[in-house]
Amino acid sequence: MAILWLVFAVSQELLTGKVWFWVLPGLMPPIVFAVAPPILMIAAALLRRFRLPVLVLGIASFTITVPSSGINFAALLPRNTPTGEGHHVRVVQMNTDYWGQLREGTLSDPRDKEAMLKYLRGLDADVYLLQEHMTRVGDLALPVTDLSDVARVFPEYRAFTAGTLLTLTRLPVVDHRVVDADTGSSLALPPPPYELMVNVQVGDRVLSMYNVHMPIQIIIEQNWFTRDFYKEIERRHIIRHDEFRVLTKDVVANPNPLIVAGDFNTSPAMGDIRGLLDVTHDAARYSGRLYPSTWRVGGQLPMLWRNDWFLIRNNITVAEFRSLDPEGNSDHLAQSVDLAISK
């Protein structure tokens, strides 16, 4: 078993994010990569003959799959408190679960849109990066175009939408645009575009904020025993790869302090995000949580996956990172991050 797990661990790191069919083993909770080797090593303590080989194999497999495990080792280290220098901005990121509306579907819960808006308003952020600003109609997820509810609850904020992405800010806006991979995507869950960038003025600096909602890899309602199910996985893999490539290129070319946050529909066990992680800093390092999972909130499944990311780059310091209970308004944790932007 230890040998088989080591082979699987090596395959995971070689194939994740690169081969379309590896998305299926990548669906397992990332924590499995951290707990499976110790379980094997504990079991090996009962086997006198193979104790040392299993110990070595377990350590090797654990080490190999550290990037896939989702473990935040920074939580074990003392943290230096940031100084008060710079301009401070509070940013909240949350998947709004179909804009707080009752819907039919797998893993769906009743929602109250007014309660959701009240909850978000109470977080008192300078910027809100919100996803799933959409409604379910049959098998389609249609963007919400009526912003009257937003104007009523957030009268001093400017709202920017692109597809199912919604960014709200009370900071002065410089410009905004869609980061378009030009894939010709016709995906329905969610529909394109998948990245909205809004530039705001913070002191004498421009802060770039990328609101992201990547397509899901599979449609779990489909029949897993049909060819179309796997062809859809392959199609989505290609589109996601292009989206991550273009987003990463845009981030690298951007000299401004920047935030890339949202629902990536990507856990640490999925290699699609690795290139973007290589050029940014993960703000969740400062959350104090050893395993910063964000989904699924509300039961039905345990909260063992991290789909939501908050990445920073270029002269930004995390003053405080809070993972918040959405209080029944989402199946994802909300993230409230206080940032200091260097002058």
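The values are calculated or read from the model by the stated rules, or taken from the named source; none is laboratory data. Treat the numbers as computed from the prediction; the structure is a model and nothing was measured. Please note: Cβ atoms are built from the backbone with ideal geometry, for glycine as well, and neighbour counts cover all protein chains shown. Areas reflect the complete protein model, heavy atoms only, side chains present, ligands, DNA and RNA absent. Shrake-Rupley method; radii C 1.70, N 1.55, O 1.52, S 1.80 Å.
Pulled fully out, how much extra length does the chain show between residue 32 and residue 59, if you take 0.36 nm times their separation in residues and subtract their Cα-Cα distance?
Numbers: separation 27, 0.36 × 27 = 9.72 nm, distance 1.43 nm.
Gain on extension, residue 32 to residue 59, equals 8.3 nm.
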So the carbon and sulfur contribution to the accessible area of the stretch 43-184, 1.4 Å probe, in percent, is 57 percent
Computed over the stretch 197-330, the distribution of all Cα-Cα distances in 5 Å bins, rounded to whole %, is 2, 9, 16, 20, 18, 15, 11, 5, 2, 1, 0, 0
Each label sits 7 Å from Cα toward the beta-carbon; between residue 74 and residue 342 the label points are separated, in nm, by 1.6 nm
Yeah, the stretch 45-166 with a ≥ b ≥ c from its alpha-carbon gyration tensor (a/c under 1.5 is rounded, else prolate when a/b outruns b/c, oblate otherwise) is oblate
Using alpha carbon centers only, the stretch 13-39 is separated from the stretch 281-334 by a whole-angstrom value of 20 Å
Carbon and sulfur atoms account, in whole percent of the 1.4 Å probe accessible area of the stretch 189-343, for 53 percent
The chain: longest segment with zero exposed GluC sites (Glu not before Pro), where exposed means DSSP loop plus at most 13 other C-beta atoms within 10 Å, is residues 222-326
The summed charge of the residue 73 Cβ neighbourhood (under 13 Å; Lys/Arg +1, Asp/Glu -1) stands at +2
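If you roll a 1.4 Å probe over the heavy atoms of the protein chains, what accessible area per residue do you get for the stretch 89-188, in Å²?
Details: 4360 Å² over 100 residues.
Averaged over the residues of the stretch 89-188, the accessible area is 44 Å².
How much area per residue is accessible in the stretch 213-289 when the probe is 1.4 Å and only protein heavy atoms are counted (Å²)?
On the way: 3370 Å² over 77 residues.
So the stretch 213-289 comes to 44 Å² accessible per residue, rounded to a whole number.
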Under a 1.4 Å probe, counting only protein heavy atoms, residue 73 has an accessible area in Å², nearest 10, of 90 Å²
Each label sits 7 Å from Cα toward the beta-carbon; between residue 112 and residue 220 the label points are separated, in nm, by 2.6 nm
Longest principal axis of the chain (C-alpha) makes with the long axis of helix 227-253 (C-alpha) an angle, in degrees to the nearest 10, of 60 degrees
Over the chain, the sum of -39500 (n - 2.57) across DSSP H runs of at least four, divided by residue number and rounded to 500 deg cm²/dmol, gives at 222 nm -8500 deg cm²/dmol
Computed for the stretch 159-219: size of charge dipole around the Cα centre, +1 on C-beta of each Lys and Arg, -1 on C-beta of each Asp and Glu, debye to nearest 20, value 180 debye
Among (i) 23.8; (ii) 18.5; (iii) 15.9, the value of mean projected area of the Cα convex hull in nm² computed for this structure carries the label (ii)
